[in-house]
Amino acid sequence: MILQYITWNVDPVLFNLGPFSIRWYGVLFSGSFLISYLWLIKLFKQEKVSINILDGLTTTMIIATVIGARLGHCLFYEPDKYLKNPIEILKIWEGGLASHGAAIAIILGIYIYARKTKIPMLWYLDRVVIFTAFAGTFIRLGNLMNSEIFGEITSLPWGFYFIRYYDPQMGLDPRHPTQLYEALSYLTIFIILFRYYKKRLGKFENGQLFGYFLILVFGMRFLIEFLKVPQVSFEQGMTLNMGQLLSIPLILIGVFVIYFINRKKPIKK
């Protein structure tokens with residue numbers, strides 16, 4: 001049976017509790033953190049690292065993710081709006097999170113936490129990025145439930161009609177489900193990183209998984225962005241959009257980390 005496009009009209013609200021709405025995005029976002037935390041408990045126990053250290057790391061991660069993702073969106077994508085009305089930055093429930101901002105904030109947060117605990121920052125990052133890729137899968141599925149961050153028009157049979165965000169100027173045409181493309185790529189990257197970790201039982205050069213993560217995740221992000229509808233008006237007509245421009249330095253950092261690690265390894269005769 002050949003698919004004849006997919007009509008997508010899912011309610012982004014899972015259920016209501018009085019005046020409060022519980023959205024799919026929030027459940028998937030928080031659920032990914034909970035599952036990742038439970039998984040990291042096993043990793044830390046295997047490596048005989050105190051769970052108290054993990055608790056502090058988790059708190060640091062959550063704070064850095066929320067603050068970084070929010071500030072990243074406000075400053076990278078809509079600076080004019082939020083710099084004129086800074087109080088609007090606090091209205092996180094209205095939407096607007098950027099993964100690049102989260103990535104930068106997480107690295108800074110772990111750097112500070114590593115200095116406090118006297119454990120190498122790259123040791124933390126190698127373990128955190130495994131489940132960051134996992135969480136990215138859930139977050140992009142949340143974007144799908146919100147019918148946001150979709151792609152350009154496509155004639156491919158798995159194109160989505162995003163009914164809830166119909167725009168008369170854009171028309172109602174089947175579009176690339178770029179949320180699914182990213183979710184599947186992040187899930188694949190999670191499997192690759194996790195298998196690498198398990199195969200070596202955590203014994204590898206500090207920074208290896210972190211470097212691979214940056215290259216793979218932001219490399220895929222860079223490519224998939226070519227299929228996306230511009231997220232903000234100033235991206236119209238740009239050869240590379242903001243998501244791609246922000247991905248390039250992170251990819252280069254990943255390349256540098258892997259190069260530096262390989263350079264340190266002794267040459268086998």
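Can you list the helices (runs of 4 or more DSSP H) lying wholly within the stretch 78-169 that have 3 or more residues being of a type in the set (A, V, I, L, M, F, W, C), under 30 Å from L201 (Cβ atoms) and open to solvent by 20 Å² or more (accessible area, probe 1.4 Å)?
Because the criterion is at least 3 residues that are of a type in the set (A, V, I, L, M, F, W, C), under 30 Å from L201 (Cβ atoms) and open to solvent by 20 Å² or more (accessible area, probe 1.4 Å), the helices (runs of 4 or more DSSP H) in the stretch 78-169 that meet it are 99-117, 121-145.
Considering only residues of the stretch 207-259 that are in a helix (DSSP H, G or I) and of a type in the set (S, T, Y), which is surrounded by the most Cβ atoms within 10 Å (Cβ to Cβ)?
Among residues in the stretch 207-259 that are in a helix (DSSP H, G or I) and of a type in the set (S, T, Y), the one surrounded by the most Cβ atoms within 10 Å (Cβ to Cβ) is S247.
Note down all Cβ pairs under 6 Å where the first residue falls in the stretch 253-269 and is closer than 28 Å to I104 by Cα, the second is aliphatic (A, V, I, L, M) and at pLDDT 90 or above, and they're at least six residues apart or on different chains.
What qualifies is I253/L214; G254/L214; G254/I215.
Spot the failing condition for I2; the list is (1) at pLDDT 90 or above; (2) open to solvent by 50 Å² or more (accessible area, probe 1.4 Å); (3) within 30 Å of L156 (Cα to Cα); (4) among the β-branched types (V, I, T), and only one is missed.
(1)
So, R200, is that one surrounded by fewer than 19 Cβ atoms within 10 Å (Cβ to Cβ), among the basic types (K, R), touching a strand residue (DSSP E or B) at 6+ places or on another chain (Cβ under 9 Å) and at pLDDT below 90 or not?
For R200, the condition - surrounded by fewer than 19 Cβ atoms within 10 Å (Cβ to Cβ), among the basic types (K, R), touching a strand residue (DSSP E or B) at 6+ places or on another chain (Cβ under 9 Å) and at pLDDT below 90 - is not met.
Under 9 Å between Cβ atoms, which residue pairs at least 6 apart in sequence (or on different chains) link something in the stretch 221-240 that is at positive phi and modelled with pLDDT under 90 with a partner that is in a loop (DSSP other than H, G, I, E, B) and open to solvent by 40 Å² or more (accessible area, probe 1.4 Å)?
Final answer for the pair search is G237/P230.
Condition first: without any contact (Cβ under 8 Å) to a residue 60 or more places away in the chain, of a type outside the set (A, V, I, L, M, F, W, C), farther than 23 Å from L90 by Cα and surrounded by 14 or more Cβ atoms within 10 Å (Cβ to Cβ). Now tell me which residues in the stretch 15-66 satisfy that.
Y37
The values are calculated or read from the model by the stated rules, or taken from the named source; none is laboratory data. All values reported here derive from a predicted model rather than from experimental measurement. Note that each Cβ is placed from the backbone with ideal geometry, even for glycine, and that neighbours are counted across all protein chains shown. Only protein heavy atoms, including side chains, enter the accessible area calculation; ligands, DNA and RNA are left aside. Shrake-Rupley method; radii C 1.70, N 1.55, O 1.52, S 1.80 Å.
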